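**Student:** Before I ask anything, here is the structure I am working with.
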Amino acid sequence: MDAELVQVTALKKDLTSEERMQFDAQYSTMQKNPTTALILSILLGFAGVDRFYVGDTGLGIGKVVFSFVCFILLGWLIIPLFFPAVWIIIDWFLIMGAARKATLKKAQDLHDSLVSMRPADTTAKAAEAAAPAEEAAE
């Protein structure tokens with residue numbers, strides 16, 4: 001959790017105070033809790049709910065389809081249930097990291113969108129202020 005906090009703090013350094021307030025408000029609503037992801041993985045991992053929660057829609061659909069194929073189409077035998085169970089158990093160890101990565105990616109996207117929404121005249125004013133200083137130096 002500390003590494004995530006350090007990365008988010010680094011993202012906020014070049015934001016204005018108003019942008020930081022917007023960032024904090026939006027970031028707090030978009031965070032994906034790793035513990036929630038793990039609980040979803042344990043309880044509903046066979047249905048891909050954990051991956052949908054994290055935002056990995058492709059893997060979520062893959063888990064649903066794979067579980068369906070193994071369970072329904074291959075019959076009610078114990079052996080076909082082994083294959084999706086392996087994926088589900090492996091996901092128990094990976095899902096918390098995936099939730100952290102998803103949160104950091106969303107934080108980066110939020111930062112980029114806030115920076116891109118800055119008025120263009122701010123950049124133009126900085127260029128105009130630098131131009132007279134260059135002329136005076138010549």
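The values are calculated or read from the model by the stated rules, or taken from the named source; none is laboratory data. Owing to the predicted nature of the structure, the values given are computational and were not obtained by experimental measurement. So basically every Cβ, Gly included, is an ideal-geometry build from the backbone, and we count neighbours across all protein chains shown.
**Student:** Going through segment 1-31 one residue at a time, which ones are over 11 Å from ALA107 (Cβ atoms) and in contact with a Phe, Trp or Tyr (Cβ under 7 Å, 6 or more places away or on another chain)?
**Tutor:** LEU15 - this is the single residue of segment 1-31 that is over 11 Å from ALA107 (Cβ atoms) and in contact with a Phe, Trp or Tyr (Cβ under 7 Å, 6 or more places away or on another chain).
**Student:** Keeping to segment 57-107, report how many residues are modelled with pLDDT of 90 or more, closer than 16 Å to ILE42 by Cβ and hydrophobic (A, V, I, L, M, F, W, C).
**Tutor:** Summing the residues that are modelled with pLDDT of 90 or more, closer than 16 Å to ILE42 by Cβ and hydrophobic (A, V, I, L, M, F, W, C) in segment 57-107 gives 9.
**Student:** Follow-up question, since we're still on this one. Looking at LEU11, LEU114, LEU15, which one is surrounded by 11 or more Cβ atoms within 10 Å (Cβ to Cβ), in contact (Cβ under 8 Å) with a residue 60 or more places away in the chain and either in contact with a strand residue (DSSP E or B) (Cβ under 9 Å, 6 or more places away or on another chain) or not in a helix (DSSP H, G or I) (or both)?
**Tutor:** LEU15
**Student:** Can you tell me which residues in segment 22-74 are outside any helix (DSSP H, G or I), surrounded by 15 or more Cβ atoms within 10 Å (Cβ to Cβ) and without any contact (Cβ under 8 Å) to a residue 24 or more places away in the chain?
**Tutor:** Across segment 22-74, the qualifying residue is only GLY48.
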